[in-house]
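Since the structure comes first, as structure tokens, the remarks are kept for the end.
The values are calculated or read from the model by the stated rules, or taken from the named source; none is laboratory data. All figures in this text were calculated on a predicted structure; none of them were measured in a lab. Every residue, glycine among them, receives a Cβ derived from its backbone with ideal geometry; neighbour counts consider all protein chains shown.
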2 protein chains.
Amino acid sequence: MSTRNKILSLFRNHPDKYLSGQDISRLLNISRAAVWKQVKVLRELGFEIEAKSSQGYRLLVAPDLLLAAEIETDLGTRLIGQTVITHAKIDSTNILARQLAEADAIEGTVVIADQQSAGRGRLGRRWESPPEVNLYCSILLRPKIPIQQAPQLTFLSAVAVAETLNELCQLTAEVKWPNDILVDGAKIAGLLNEMNAETEQVHFVVLGVGINLNMLAEQFPTDLNYRATSVLLETGERVDRLLFLRTFLQRLDAYYLELVEEGFTPIRRRWESLCNIMNRQVEVDGGAGIMSGTVVGLDADGALRVQLDGGQVERILAGDVRLL
Amino acid sequence: MSTRNKILSLFRNHPDKYLSGQDISRLLNISRAAVWKQVKVLRELGFEIEAKSSQGYRLLVAPDLLLAAEIETDLGTRLIGQTVITHAKIDSTNILARQLAEADAIEGTVVIADQQSAGRGRLGRRWESPPEVNLYCSILLRPKIPIQQAPQLTFLSAVAVAETLNELCQLTAEVKWPNDILVDGAKIAGLLNEMNAETEQVHFVVLGVGINLNMLAEQFPTDLNYRATSVLLETGERVDRLLFLRTFLQRLDAYYLELVEEGFTPIRRRWESLCNIMNRQVEVDGGAGIMSGTVVGLDADGALRVQLDGGQVERILAGDVRLL
């Protein structure tokens, strides 16, 4: 942990309390000058730190900034977010995460950007990424699984995003096969997971997550061919992005370790309970003609199980699924 | 086709015949000086070209060199090998093919090296790559398939390699699940296929192929923990590397187009008929304990189907399979 990070952590662990320069210097084993210098930097970053003579420093307000130090501090995860890299603006967090992966970055590395100049959704589609309102986040994983199981990570991240939205923001987010998160049918988050593998073994997976938190109606492109929304638009309340991100990373960490230790079944059950079309009549265009049937679940390789009207169960690996 | 390539093609199409500088110049619509210049370059590359006054040029001997022009000329494929890149020595053909793929190289691009300084097998293992005796070759494909089907390409390349060995060199090569080619139990070729994908869609696959053609016994490392061989060691005859490569690429091209058009069944059947353990008793260590049973086939996602002694069929996605 950096010195700045340690000082922030001290402030966070002592809310409403004055910490003298001498105390901080002693606790962290750094000079008084170093304390003063880091407090100055924190103020420049937007932290309001009160200084009272004879009492010391007190943290009044932390800005809604996504700073690596703020994200990492006391995160409590075992794997995800031990290393966090934040950028004010980059082309795409997935691109940087892939480059880091190729350069042997450790598993669990998280890349965050306040703004993306080339945010992408799946199939190369543009993902609108205005500054300071949303989360654009990529997580590097190195699971030791055969490539046929790699799609499980898409469902893992979908569950973690939807549950964080539901518990922290009191929404009723649903997951849409294979990789969208909807609120009342409008897209509130998207996933773009990228994989690099050899013959039968995954090298690495980058989980790319874009979540519309405080985005305003006028910030959405006018030419979207689907409905989109944000937490602010749904609830009327701004979300603390830092709190949301930390809660999401904690949940993702717990579920990922569960997946590694117990396999896909717990995630599959959670995904099915969040799925917008579970047990409902759908029409599937899988390329080889249109079928209709009832969605009955998810397979271990990510295939959607659809029971056709004739009774037999089809496995859908790719294609469009529409509610009837 | 380059001018040099066109001249080579003319020579190849008129074996034992003298072609005058004037004929060549007229047929290819180039100057006499250009003909003379290219003949000079070809001679420097090792082609023996006889020049007889008043009769013209005649190709006597083509060197066993892997030159892009020689590989591409009249290859007759529809997709694979339309672009061929050859290097005397590079780190690894797979690494270059991946870089080309990221830089939007066209599907079917083939990368060849006479020698690799960092040839790799699967799981990061070293692949011995001495100069001028073997084939080190990577093929870039961009199949529009869900990632669960990507392992099909491993079986596709295994079939194309084994059949080329058997038909061109009169060997009895077998395929070993998931990705080796054996002759009498000794490894003669290895495959390292690498994939890059997003959520449910393959971006690209690089088929890496290493085939021991004219490798001598003393060129194998002494510390291999498996038996290895080459065509020369098995048959006592040197293989024309260019002929082998062209035949392999033609077969791969035909099978790949068949896979795209007809699905996996034809490749699966060929693979099963070449498989060294088909219908035989095996022991499987799949991580979760050891099972024994009979190999009954391959699934569409590359899983090996093993019928346990109790009767039920297990799908093996990864693990060690040993003949009993």
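Listed values, structure above:
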read-out: Output for the stretch A:109-133, where each listed residue is within 13 Å of chain B (Cβ to nearest Cβ) and surrounded by fewer than 18 Cβ atoms within 10 Å (Cβ to Cβ); value: A:123, A:124, A:125
read-out: Sole residue being touching a helix residue (DSSP H, G or I) at 6+ places or on another chain (Cβ under 8 Å), of a type in the set (D, E, K, R) and outside any loop (DSSP other than H, G, I, E, B), chosen from A:37, A:89, A:6; value: A:6
read-out: The stretch A:34-48, residues that are surrounded by fewer than 17 Cβ atoms within 10 Å (Cβ to Cβ) and touching a Lys or Arg at 6+ places or on another chain (Cβ under 8 Å); value: A:41
read-out: Residue under evaluation residue A:244, criteria (1) closer than 23 Å to residue A:73 by Cβ; (2) out of contact with any strand residue (DSSP E or B) (no Cβ under 9 Å at 6 or more places or on another chain), criterion not met; value: (2)
read-out: Pairs with Cβ under 7 Å, 6+ apart, first in the stretch A:98-117 and outside any strand (DSSP E or B), second small (Gly, Ala, Ser) and surrounded by fewer than 16 Cβ atoms within 10 Å (Cβ to Cβ); value: none
read-out: Residue B:90 vs. criteria of a type in the set (Val, Ile, Thr) and over 14 Å from the mean Cα position of the chain (by Cα); value: yes
read-out: Unique match (being without any contact (Cβ under 8 Å) to a residue 60 or more places away in the chain, aromatic (Phe, Trp, Tyr) and surrounded by 13 or more Cβ atoms within 10 Å (Cβ to Cβ)) among B:136, B:57; value: B:57
read-out: The stretch B:304-321: number of residues that are surrounded by 15 or more Cβ atoms within 10 Å (Cβ to Cβ), in a loop (DSSP other than H, G, I, E, B) and more than 10 Å from chain A (Cβ to nearest Cβ); value: 0
read-out: Evaluation of residue B:222 against (1) touching a Gly at 6+ places or on another chain (Cβ under 7 Å); (2) among the polar types (S, T, N, Q); (3) over 21 Å from residue B:141 (Cβ atoms) (one fails), failing number; value: (1)
read-out: Failed condition for residue B:143, given (1) outside any loop (DSSP other than H, G, I, E, B); (2) at pLDDT 90 or above; (3) within 14 Å of another protein chain (Cβ to nearest Cβ); value: (1)
